[in-house]
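Shown next, in structure tokens, is the structure this report addresses.
The values are calculated or read from the model by the stated rules, or taken from the named source; none is laboratory data. Predicted, not measured: the structure shown is a model, and the values here were computed from it. Glycine also receives a Cβ, built like all others from the backbone with ideal geometry; neighbour counts cover every protein chain displayed.
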């Protein structure tokens with residue numbers, strides 16, 4: 001066990017212990033002890049534990065436990081964020097984030113991000129991805145025209161490799177724009193832009209005030225400045241950072257883009273730690289958007305897509321290649337339906 005990130009979980013409620021264990025596991029933390037206060041008093045403290053998370057119905061019922069905790073100078077005591085609601089509900093997602101905020105006050109940044117070396121390594125991998133043929137029902141868009149449909153690609157740890165595989169599979173000419181929101185160190189953004197779409201038909205573009213989202217392009221969301229769209233669909237860049245500990249906030253990206261595109265704004269959540277996207281996903285789903293996830297077993301870290309899936313608003317999951325194939329089928333069905341409607345109205 002790693003002492004830096006090893007915690008004890010103490011609660012007199014077995015369900016609360018289980019939910020706390022699940023939550024800290026989303027950031028790769030080790031649990032050196034989990035149990036009730038009586039067991040904690042009886043057993044010696046694991047030397048690697050540097051933080052004890054305590055969630056009790058009544059702290060006054062366990063004076064021996066509190067005495068043992070306070071006597072350990074090498075271990076900090078963290079009283080939890082309250083009783084955990086049922087997973088999948090919005091108040092559960094917010095409960096998790098309160099817990100993460102408390103943990104970050106002790107550990108610092110929790111989320112592991114892709115390194116520059118891991119991103120650069122993508123450029124060295126042989127290009128062997130087979131492109132999906134463009135269906136005949138889709139009229140190819142040959143120039144970067146303003147988009148009427150947008151797909152947000154949200155990702156964190158493991159995201160660059162997954163999103164690259166997804167984009168490499170897509171045929172040219174799809175009548176959609178992509179918005180790429182990736183948790184990453186801002187110093188590595190330029191390296192990512194050089195690697196991500198080198199084999200794809202969809203070019204990565206940087207955000208510039210006044211530009212609009214266009215078919216054939218992948219807008220890379222800035223890490224340090226919040227991005228919005230004005231009433232005409234033009235990009236606005238704020239001087240303010242994104243809300244939350246990591247940039248960009250995938251939840252806020254989804255909400256900001258959906259304000260302009262409504263039910264024509266969809267999202268795919270790829271590999272990542274934490275639960276970013278789990279608050280905005282049900283909001284978009286209620287307005288008619290599609291919410292997809294990368295299958296957790298195919299992720300470098302499945303926590304983020306699992307958190308979104310727990311909300312019950314996802315309609316498809318698959319590997320990056322399967323997500324690409326599903327997107328092509330979905331656009332084909334949409335184009336076919338539009339052609340039939342035009343024919344019937346003629």
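Give segment 177-206 a look and list any residue that's under 21 Å from residue 277 (Cα atoms) and surrounded by fewer than 21 Cβ atoms within 10 Å (Cβ to Cβ), or say none. Within segment 177-206, 185, 186, 189 qualify.
Out of curiosity, is residue 162 within 22 Å of residue 329 (Cα to Cα) and either without any contact (Cβ under 8 Å) to a residue 24 or more places away in the chain or part of a loop (DSSP other than H, G, I, E, B) (or both)? Criteria not met by residue 162.
In the condition set (1) exposed (fewer than 13 other Cβ atoms within 10 Å of the Cβ); (2) part of a loop (DSSP other than H, G, I, E, B), residue 138 is compliant with all but (1). Being closer than 11 Å to residue 218 by Cβ, part of a loop (DSSP other than H, G, I, E, B) and modelled with pLDDT of 95 or more is the filter here; which residues of segment 165-201 pass it? Hits for segment 165-201 are 170, 176.
Only helices (runs of 4 or more DSSP H) whose full extent lies in segment 255-346 are considered here, and the ones with at least 2 residues that are over 15 Å from the mean Cα position of the chain (by Cα) and over 20 Å from residue 86 (Cβ atoms) are 320-345. Number of residues in segment 1-44 that are within 17 Å of residue 95 (Cα to Cα) and surrounded by fewer than 18 Cβ atoms within 10 Å (Cβ to Cβ): the value is 6. Being touching a residue at least 60 places away in the same chain (Cβ under 8 Å) and either over 15 Å from residue 106 (Cβ atoms) or out of contact with any helix residue (DSSP H, G or I) (no Cβ under 8 Å at 6 or more places or on another chain) (or both) holds for only one residue in 80, 88, and it is 88.
Could we say that residue 17 is assigned to a helix (DSSP H, G or I), touching a strand residue (DSSP E or B) at 6+ places or on another chain (Cβ under 8 Å) and free of Cβ contacts under 8 Å to residues at least 40 places away in the same chain here? It is true that residue 17 is assigned to a helix (DSSP H, G or I), touching a strand residue (DSSP E or B) at 6+ places or on another chain (Cβ under 8 Å) and free of Cβ contacts under 8 Å to residues at least 40 places away in the same chain. Under the condition of being in contact (Cβ under 8 Å) with a residue 24 or more places away in the chain and either touching a helix residue (DSSP H, G or I) at 6+ places or on another chain (Cβ under 7 Å) or surrounded by fewer than 13 Cβ atoms within 10 Å (Cβ to Cβ) (or both), the residues counted in segment 124-135 number 7. A count restricted to segment 97-123 and to residues that are at positive phi and buried (at least 16 other Cβ atoms within 10 Å of the Cβ) stands at 0. The condition (being surrounded by fewer than 19 Cβ atoms within 10 Å (Cβ to Cβ), in the same structural domain as residue 330 (by TED's automatic domain parsing) and modelled with pLDDT of 95 or more) is satisfied by just one residue among 252, 290, 260: 260.
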